[in-house]
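Remarks on the structure that follows.
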Amino acid sequence: MSRRERLVRKILGTATLCAAALPLSILIFMLILARPLLSSFSVSDLLTGSWAPLQGRYGILPMMVASFLLASCSLAVSFPVSLGCAGLIFGLTPPMLAVPLRRLVQLMTGFPTVVYGFVGVFLLVPTVRHLFHAGSGRCLLSALVPLSLMITPTMTLFFSDAFAAVPRPILLAAAAAGADPVQRFVWVVIPSARRGLAAGLVLSFGRALGDTLIALMLAGNAAQVPSGFLESARTLTAHIALVIAADLQSLEFASIFLCGMVLYVLTSCAALCAWKMRAATRKNSR
Amino acid sequence: MAYRRGFLFICVLSCILAVTTGVHAGGYDAFKGLEGTLRISGGTAHIPVMKALAREVMTRYPAIRITIAGGGSGVGIKQVGEGLVDIGNSGRRPTDQEISAYGLRLHRWAVDGVAAVVHPENPVRSLTSRQVQDIFAGRVTNWKEVGGPDRAIHVFTRDEASGTRHVFWKKALGKGAIRKDADVVPSNGAMKTAVATDPAAIGYISVGYVDETVQALALDGVEPSLENVRSGRYPVARGLYSNTKGQPSALAQAFLDLLFAPEGRRIIASKGYIPADR
């Protein structure tokens, strides 16, 4: 190895190390800032308790449940839609339709979430209120619809990239064996794009979990464990946005770092799952 | 994160109009020769006055830029304390701990009432303190129990760091409970939107925000009018504070002086607040 190569290697190694250290240091930073809270309450109390700061209760269970519920349900809603859209873009429909669809999806990924929030406040919330007689109409359902709409384009783009990466010879072989376009899509393209699908799912989950404005504007923000989709609920991100104004020294303020840690762990878990899944598929294909 | 909370109000007023030479009103003279940017953030109740004053100043002195952000009282105190803004507004008096930790100087320039508000279609115009407490605690859940239509009451409240919530909770609710399933909104503006779009809603906002889209309720028969807030007959009131960290800059000082000058007081009164003496 030449001297130059060694130098490049060193520089790249340092960069990698820094990149890896950064998320870790964020976790440590959050841990330190949450310490006032962690030293006066046990972690299990905080993770399973209710939120009533005036009575000295700083549990974040309601927010965790709401975040997880909202993110996974929006994933469940947008997964089939995205799969369908990506299929159409991939070639289940003539290019005359596929190309504009792809453009539309690309355009939609750039929509700021506050637009969805505003439309939701003035259109969706009154509709939900009238249709379901659901309190004020600010509830999980009202947040779920725009949130699903928001992550669908991202997921679709990921899926169509994954489909486009499927090697052509496989498709040709399938066509030669007599498979029509739909059969090829279902039995050849989707299985071979599994990795890309998993990556798209994880990233969309992260996006749904991390979005603040839609939930803050539409979900109602009551700090209670929601018992249904028509109940007001507060997500972890909305909780952070609401509590950030609290006194810097207060325990409420410390609790937002606990929320940050939970969000961090949840997204890491999702990424790990995807990684595991990828490793498993690789083993199978060997 | 603060910008997310105050997104409704983050309005960088960059409308720089033609220079009007030779016209100088009294309170605005102090800005003569000054330039630069004045950053203001915090309490959302202050924003109507801050915006109107900023427009006046920037029209007269184009070299001055004034940016106004929301965020709530807690954010205002925190940001001015950490030097992120020049003036931090709060709808409550900063705690003694905050004052000493940050070396804050308080400027209380107006008195503001906090009124319970409902949708204009709601026929209810007055509630007793007891009824308000029962509604917010969840003991009364239908408008018909307080003389309104047969409709479930939708309670809206603010987050725990809100100065508006603090004064309403202390002086109207008697530090009573607020029902757990009440919807929480992050600012005075968001509260007005929420109540204005929901015929069964009840919430509370700074009197300066009350307009024809929401109906302010009389409390124990006392209207939250300017006269009643000034005389103290309407009890749910608080001071509006603008805080600086130590000695304010020349620009911040000129702006604070303007709040106490006749021109400033006129604007404060026109926005529905009661100007206070220094």
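The values are calculated or read from the model by the stated rules, or taken from the named source; none is laboratory data. Because the structure is predicted, anything quoted here is derived from the model rather than measured. Methodologically, a virtual Cβ is constructed for each residue, glycine included, from the backbone with ideal geometry; neighbour enumeration extends over all protein chains shown. In case anyone asks, the SASA skips ligands and DNA or RNA and just uses the protein heavy atoms, side chains included. Shrake-Rupley method; radii C 1.70, N 1.55, O 1.52, S 1.80 Å.
Restricting to region A:50-60, count the residues that are out of contact with any His (no Cβ under 9 Å at 6 or more places or on another chain) and either within 16 Å of A:Ala222 (Cβ to Cβ) or part of a helix (DSSP H, G or I) (or both).
Narrowing region A:50-60 to residues out of contact with any His (no Cβ under 9 Å at 6 or more places or on another chain): A:50, A:52-59.
Checking which are either within 16 Å of A:Ala222 (Cβ to Cβ) or part of a helix (DSSP H, G or I) (or both) leaves us with A:50, A:52-55, A:57, A:59.
Matching residues across region A:50-60 total 7.
Does B:Val80 meet the test of being aliphatic (A, V, I, L, M), open to solvent by 10 Å² or more (accessible area, probe 1.4 Å), modelled with pLDDT of 90 or more and in contact with a strand residue (DSSP E or B) (Cβ under 8 Å, 6 or more places away or on another chain)? Walk me through it before giving the result.
Numbers: aliphatic (A, V, I, L, M): yes; open to solvent by 10 Å² or more (accessible area, probe 1.4 Å): no; modelled with pLDDT of 90 or more: yes; in contact with a strand residue (DSSP E or B) (Cβ under 8 Å, 6 or more places away or on another chain): yes.
No, not satisfied.
For the subset of region A:122-137 comprising residues that are more than 7 Å from chain B (Cβ to nearest Cβ) and modelled with pLDDT under 85, which member is least open to solvent (accessible area, probe 1.4 Å)?
A:Ala134
Kindly provide the set of residues from region A:82-108 that are of a type in the set (Val, Ile, Thr) and surrounded by 15 or more Cβ atoms within 10 Å (Cβ to Cβ), ordered by number. Write out each step before concluding.
Just the residues of region A:82-108 that are of a type in the set (Val, Ile, Thr), to begin with: A:89, A:93, A:99, A:105.
Answer for region A:82-108, where residues must be of a type in the set (Val, Ile, Thr) and surrounded by 15 or more Cβ atoms within 10 Å (Cβ to Cβ): A:Ile89, A:Val105.
Which of (1) polar (S, T, N, Q); (2) out of contact with any strand residue (DSSP E or B) (no Cβ under 6 Å at 6 or more places or on another chain); (3) not in a loop (DSSP other than H, G, I, E, B) is the odd one out, the single condition B:Thr213 does not satisfy?
Of everything listed in (1) polar (S, T, N, Q); (2) out of contact with any strand residue (DSSP E or B) (no Cβ under 6 Å at 6 or more places or on another chain); (3) not in a loop (DSSP other than H, G, I, E, B), B:Thr213 misses just condition (3).
Looking at region A:221-235, can you tell me whether even one residue there is within 25 Å of A:Ser25 (Cα to Cα) and at pLDDT 90 or above? Reasoning before the result, please.
Residues of region A:221-235 within 25 Å of A:Ser25 (Cα to Cα): A:235.
Applying the additional criterion that residues be at pLDDT 90 or above yields A:235.
So far as region A:221-235 goes, yes, one or more of its residues are within 25 Å of A:Ser25 (Cα to Cα) and at pLDDT 90 or above.
May I ask you to say which residue of B:Ala254, B:Ala250 is open to solvent by 30 Å² or more (accessible area, probe 1.4 Å) and assigned by TED's automatic domain parsing to the domain that holds B:Leu38? Reasoning before the result, please.
Values: B:Ala254 fails: open to solvent by 30 Å² or more (accessible area, probe 1.4 Å).
Testing whether each residue is open to solvent by 30 Å² or more (accessible area, probe 1.4 Å) and assigned by TED's automatic domain parsing to the domain that holds B:Leu38 leaves just B:Ala250.
Go through region B:87-199 and tell me which strands (runs of 3 or more DSSP E), entirely inside it, have 2 or more residues that are open to solvent by 10 Å² or more (accessible area, probe 1.4 Å), in the same structural domain as B:Arg65 (by TED's automatic domain parsing) and farther than 24 Å from A:Pro53 by Cβ. Full working, then the answer.
Details: elements: B:87-90, B:104-118, B:154-158, B:183-185.
Strands (runs of 3 or more DSSP E) meeting the threshold: B:104-118.
Does A:Pro153 satisfy being buried (at least 18 other Cβ atoms within 10 Å of the Cβ) and not hydroxyl-bearing (Ser, Thr, Tyr)?
For A:Pro153, the condition - buried (at least 18 other Cβ atoms within 10 Å of the Cβ) and not hydroxyl-bearing (Ser, Thr, Tyr) - is met.
So, in region B:167-208, exactly how many residues are among the polar types (S, T, N, Q) and more than 9 Å from every other protein chain (Cβ to nearest Cβ)?
Here is the first cut: in region B:167-208, the residues among the polar types (S, T, N, Q) are B:187-188, B:193, B:197, B:206.
This time we only want the ones that are more than 9 Å from every other protein chain (Cβ to nearest Cβ), so: B:187-188, B:206.
Qualifying residue count for the region: 3.
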